[in-house]
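J.: Pasting in a structure now, in structure tokens, and then I'll have a few things to ask.
The values are calculated or read from the model by the stated rules, or taken from the named source; none is laboratory data. Bear in mind the structure is a predicted one, so any value in this text is a computation, not a measurement. Cβ sites come from the backbone with ideal geometry, for glycine too, and all protein chains shown count toward neighbours. Just so you know, the surface numbers come from the protein's heavy atoms only, side chains and all, with ligands and any DNA or RNA stripped out. Shrake-Rupley method; radii C 1.70, N 1.55, O 1.52, S 1.80 Å.
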Amino acid sequence: MVGIKRVCSARHITQLLIAFAIIALSLIGMWRMGRHRTLSEGQLEAAGEKGTEAVPVEVVPVSSQDIRREIEVTGSIKSEDDVNVGSEISGKVAFVGAEEGDFVRAGDVLIRLDDSTLQAQLRQAKAAYESAMAQYEQLRLAKELEGTKVGTDLKTAQAQLSTAQARARELKVALELTEKETGISVEQAKANLEAAKAFLSQAEEQAKIADEQAETELKRAEAALRAARERLAMAEEGVGATDEQVEAQVQQAQAQLASAKALFDKARKGARTQEREQARQAVAQARANFELAQAEFERAKFLYERGAISRSQLDQAKQLYEVAKANYESAKQMLSLVEEGTRPEDIRAAEEAVKQAEAGVKLAEAARVKKSTVRRELEIAKAQLAEAEALYNLAKVSMARKRISALQVESARVQVKNAELALQLAKEGERRRQMLKEQLEAALAAVKQAEALVELASAGNLRVGISRQQVEAARAAVDSARAQVQSLETQLVKTKIRAPISGYVAERRVDVGETVIPGMPLLRLVSMERIYFEGELPEIEYESVSNGRMRVTVRVDSVPGMEFEGYTERIIPVAIEATRKFVVRVKLMRLHQFIIPGSFARGRMMVEEIRGAIVIPSACILRDREKSYVFVVEQGVAKRREVKLGIEVGEKIQVVDGLNVGELIVISGQDKLHDGARVRIIRKRNV
């Protein structure tokens, strides 16, 4: 009875060993299917020596078609009639008759300057002219009576006195008015200018510091963002197998432990001849599984050392190797039990098999714990990535503050310019005050002279003694007074600033109450009748474009979905210093109501056309240093072939030499190929 029990026990042991072998093979197969790795050409050749499995690839036929090489330039729409409207005289703005966006016609009044001062000056000039004319007539008549003693003309002397007094009063009023209009002294204007320059220097220094800080913060944020993304990628790779696979490994290890315990309980039973043979086969199978797991573990260590797989994949291979090793040892011990029968050593061996199975369960559970740890690392990496993205966004905000600093610098420059204008006006006011003071002194002297003439006329001792030079001087005074009247009348006309062309007001740079001087831009007018596209051409394309008139297709953002034809009208042969690009001007053949000057636009210029060119997708090209090559599929075999390339258009590239129309080349999967590798076409794409 004991012999029969031992035979039955051996049969159960053999069956369990076979089950262990099947489970181990399943684990190894699941690990190999779940792993993703990239093999080099040398590894693929080594794999090819062990097996003849064809590499799955996608192919595309070589085609022939007409291709064009085009250059895309970016720029903006501009107008030939782009005018800055200014004033020819200095003055204070009293009226602005146009807002930004308004359409005005040539001759319309855009701005009117305050003319009250000029009107007062004109009245004074006319009075001076009339006074000079009266004095001239008096001297002319007196010259005719020269040498003749005449009676005293008291009325004439009194008239001269009244005229001189009126002139003196007008000059005094004009001097007071000028002092009120000037506002500030030259010294005060100089002080304001120095303060504005100091503020500009400070703003430029602050802007420079802000620029450096913004650039530094942006670079640090970009570096932190890249590092966070790399950590996240490593954490995602470390996740490795799925939760289902890990749980399956744990359940299988637990099943092996239960089986080992069952074998330990039945270790005292014997075995039949067939069961001994089955036990030997189980040992051979367990040994094969162990050798396969050992080879896979060595292969995983080789790939891990070269960065082809992650650490988690190496740990999984190691765990499978240890499980296969434990199964192999267990199978040998079970065979010893079957062949030798139940002995104390057999019981201890069965007990050792139970311990090994328990160790396998612990290893599987450790893998599950490690899986949760890796997931926590993944969550930490995601949080670090979010923090790095937030810092990167803050750095972008610093770049926006950089633009604000530039605007502050520009505002400071405007303040300096305004202070310079105020200084110029103060100097002009000072000169005008000095001139009026001199004229007032001369008028007061004339009043005293007229008073003396009145006294002489009253005494009846006035005798005419007029020279020819006095008459000529009086005539010159009349001409000067007349010229002054004409000059003031001309300046009054210039107080009304009119539109030189018909167009739209693009910019308004002045408001009512501001003081303007000659040369200061006040309004900007843009005409819609003659517009063109101006773009920037890269310097490497200058030679191919500058040889002649070329056709250009222009797309304008303000008119989406439409294209406008034109041709190159002019290329400025001097590059822009900041960008090293050349300005190209394109004349548009037809216009559109929504093509607005200042709109962003893109132009495509065709610089080369090749008919019947051999063309393949750029994704097919592989490069080895300075050589380019593709894989051509012939009768299920991939052959490496070097090619000479031409121009590249979009996602296609011209092949000058090395391919023929109709040949099949690999477009996907070529990174796993070597010359002579067997391939299996899974998809044929169209060009």
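J.: Quick check on residue 636: is it open to solvent by 20 Å² or more (accessible area, probe 1.4 Å), modelled with pLDDT of 90 or more and farther than 30 Å from residue 543 by Cβ?
T.: Considered against the rule, which asks whether it is open to solvent by 20 Å² or more (accessible area, probe 1.4 Å), modelled with pLDDT of 90 or more and farther than 30 Å from residue 543 by Cβ, residue 636 comes out as yes.
J.: Then there's this: Give the residue, chosen from 658, 650, that is more than 35 Å from the chain's Cα centre (by Cα) and on the phi > 0 side of the Ramachandran plot. Full working, then the answer.
T.: On the way: 650 fails: more than 35 Å from the chain's Cα centre (by Cα).
Being more than 35 Å from the chain's Cα centre (by Cα) and on the phi > 0 side of the Ramachandran plot holds for just one of 658, 650, which is 658.
J.: Now a separate question. Search the range 539-556 for residues being surrounded by 15 or more Cβ atoms within 10 Å (Cβ to Cβ) and modelled with pLDDT of 85 or more, and hand back the single one that is nearest to residue 418 (Cα to Cα).
T.: Checked the range 539-556; the qualifying residue nearest to residue 418 (Cα to Cα) is 556.
J.: Could you please give the count of residues in the range 652-662 that are open to solvent by 40 Å² or more (accessible area, probe 1.4 Å) and either in contact with a strand residue (DSSP E or B) (Cβ under 7 Å, 6 or more places away or on another chain) or under 13 Å from residue 639 (Cα atoms) (or both)?
T.: 5
J.: Could you run through the range 63-86 and say how many residues are modelled with pLDDT of 90 or more and assigned to a loop (DSSP other than H, G, I, E, B)?
T.: Count: 0.
J.: Could you list, in sequence order, the residues of the range 175-194 that are among the aliphatic types (A, V, I, L, M) and modelled with pLDDT under 75? Talk me through it step by step, then tell me what you get.
T.: Taking the range 175-194 as the starting set, the residues that turn out to be among the aliphatic types (A, V, I, L, M) are 175, 177, 184, 186, 189, 191, 193.
If the condition is that a residue be among the aliphatic types (A, V, I, L, M) and modelled with pLDDT under 75, then 175, 177, 184, 186 are the ones that fit.
J.: Consider residue 282 against the criteria (1) of a type outside the set (Asp, Glu); (2) modelled with pLDDT under 70; (3) open to solvent by less than 30 Å² (accessible area, probe 1.4 Å): it satisfies all of them except one. Which criterion is unmet?
T.: Status for residue 282: all satisfied but (2).
J.: Of the numbered conditions (1) surrounded by 15 or more Cβ atoms within 10 Å (Cβ to Cβ); (2) polar (S, T, N, Q); (3) not in a strand (DSSP E or B), residue 628 fails exactly one; give the number of that condition.
T.: Checking residue 628 against (1) surrounded by 15 or more Cβ atoms within 10 Å (Cβ to Cβ); (2) polar (S, T, N, Q); (3) not in a strand (DSSP E or B), the one that fails is (3).
J.: Among (1) modelled with pLDDT of 75 or more; (2) open to solvent by 50 Å² or more (accessible area, probe 1.4 Å); (3) in a helix (DSSP H, G or I), there is one condition residue 106 misses while meeting the rest; what is its number?
T.: (3)
J.: So, one more: Tally the residues that are within 13 Å of residue 414 (Cα to Cα) and either among the polar types (S, T, N, Q) or open to solvent by 100 Å² or more (accessible area, probe 1.4 Å) (or both), restricting the search to the range 202-233.
T.: Count: 0.
J.: Output the residues belonging to the range 513-525 that are assigned to a strand (DSSP E or B), open to solvent by 10 Å² or more (accessible area, probe 1.4 Å) and touching a Ser or Thr at 6+ places or on another chain (Cβ under 8 Å).
T.: If the condition is that a residue be assigned to a strand (DSSP E or B), open to solvent by 10 Å² or more (accessible area, probe 1.4 Å) and touching a Ser or Thr at 6+ places or on another chain (Cβ under 8 Å), then 515 is the only one that fits.
J.: Then there is this: For the range 676-683, indicate whether the set of residues that are over 22 Å from residue 54 (Cβ atoms) and either surrounded by 12 or more Cβ atoms within 10 Å (Cβ to Cβ) or in contact (Cβ under 8 Å) with a residue 12 or more places away in the chain (or both) is non-empty.
T.: Taking the range 676-683 first, the residues over 22 Å from residue 54 (Cβ atoms) are none.
Within the range 676-683, none of the residues are over 22 Å from residue 54 (Cβ atoms) and either surrounded by 12 or more Cβ atoms within 10 Å (Cβ to Cβ) or in contact (Cβ under 8 Å) with a residue 12 or more places away in the chain (or both).
Yes/no matrix, rows are residues, columns are (1) without any contact (Cβ under 8 Å) to a residue 12 or more places away in the chain; (2) part of a helix (DSSP H, G or I); (3) crowded, with 19+ Cβ neighbours inside 10 Å:
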| site | (1), (2), (3) |
| --- | --- |
| 111 | no, no, yes |
| 120 | no, yes, no |
| 124 | no, yes, yes |
| 131 | no, yes, yes |
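J.: Still on this structure: Pairs only if they're at least six apart or on different chains, beta carbon under 8 angstrom, first in the range 554-578 and without any contact (Cβ under 8 Å) to a residue 24 or more places away in the chain, second part of a strand (DSSP E or B) and open to solvent by 40 Å² or more (accessible area, probe 1.4 Å); list them, first residue then second.
T.: That search, which allows pairs on different chains as well, returns 563/555; 567/551; 567/587.
J.: List the number of the failed condition for residue 510; all other conditions in (1) open to solvent by less than 30 Å² (accessible area, probe 1.4 Å); (2) in a strand (DSSP E or B) hold.
T.: So residue 510 meets the others, but not (2).
J.: Going by what's in this entry, would residue 645 be described as part of a loop (DSSP other than H, G, I, E, B), farther than 14 Å from residue 54 by Cα and not β-branched (Val, Ile, Thr)? Even if it seems obvious, please write down each step before you answer.
T.: Working: part of a loop (DSSP other than H, G, I, E, B): no; farther than 14 Å from residue 54 by Cα: yes; not β-branched (Val, Ile, Thr): yes.
Spelling it out, it is not the case that residue 645 is part of a loop (DSSP other than H, G, I, E, B), farther than 14 Å from residue 54 by Cα and not β-branched (Val, Ile, Thr).
J.: For residue 613, all conditions in the list (1) of a type in the set (A, V, I, L, M); (2) touching a residue at least 24 places away in the same chain (Cβ under 8 Å); (3) open to solvent by 30 Å² or more (accessible area, probe 1.4 Å); (4) outside any loop (DSSP other than H, G, I, E, B) hold save one; what is the number of the exception?
T.: (3)
J.: Is it the case that residue 559 is assigned to a loop (DSSP other than H, G, I, E, B), open to solvent by less than 50 Å² (accessible area, probe 1.4 Å) and modelled with pLDDT under 90?
T.: When the stated conditions are applied, residue 559 passes them.
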